[in-house]
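Visitor: One structure is given below, represented as structure tokens, and several questions about it will come after.
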Amino acid sequence: LCIAAHPPATMTDALMTRLATATTEEGKTVTYKWVAREFDVSVNHAKRLLFEHARNNDSVLVATHVVSGWTSTAGDDGAGVTRTQVVRLVEGAEALAAAKAALDGVTG
């Protein structure tokens, strides 16, 4: 019996190869949900696989991230502060960092 927090390296290599085939050769748009179902891995592991794949192939792939959080704006009369929850789609690592920096607090 072998219990591990992460799949063995050979399994991860096979998953990454299949992921590369799906995104580059087949031209599929993949999500962490697709990866989790296709490879029978946890959602969190699927997110890590996608993040690593996008980082390693950033010259040929465009990663789209969903960022959510809070922004604050002063009221029109200057008396109060209005907090608004926002959800944004951003493409690429630089835009992701900028979107997070623009929020008062990141929630997802």
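The values are calculated or read from the model by the stated rules, or taken from the named source; none is laboratory data. The structure displayed is predicted, hence computed values, not measured ones. When we count neighbours, we look across all protein chains shown, and the Cβ atoms used for this are built from the backbone with ideal geometry, even at glycine. These area figures cover heavy atoms from the full protein model, side chains too; ligands, DNA and RNA do not enter into them. Shrake-Rupley method; radii C 1.70, N 1.55, O 1.52, S 1.80 Å.
Visitor: Restricting attention to the stretch 73-104, and to residues there that are of a type in the set (Gly, Ala, Ser) and at pLDDT 90 or above, which single residue is surrounded by the fewest Cβ atoms within 10 Å (Cβ to Cβ)?
Guide: Step by step, filter the stretch 73-104, then rank; the result is ALA101.
Visitor: Right, another one. Going through the stretch 31-51 one residue at a time, which ones are part of a helix (DSSP H, G or I) and aliphatic (A, V, I, L, M)?
Guide: Scanning the stretch 31-51 gives VAL35, ALA36, VAL43, ALA46, LEU49, LEU50.
Visitor: While we're looking at this one, here's another question. Taking the stretch 41-72 as the region of interest, how many residues are open to solvent by 30 Å² or more (accessible area, probe 1.4 Å), small (Gly, Ala, Ser) and within 18 Å of ALA14 (Cβ to Cβ)?
Guide: Total meeting the criteria: 1.
Let's see how each residue does on (1) in a loop (DSSP other than H, G, I, E, B); (2) under 16 Å from the mean Cα position of the chain (by Cα); (3) hydrophobic (A, V, I, L, M, F, W, C):
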| residue | (1), (2), (3) |
| --- | --- |
| ALA20 | no, no, yes |
| THR23 | no, yes, no |
| THR29 | yes, yes, no |
| HIS53 | no, yes, no |
| VAL66 | no, yes, yes |
| THR82 | no, no, no |
| ARG88 | no, yes, no |
| ALA97 | no, yes, yes |
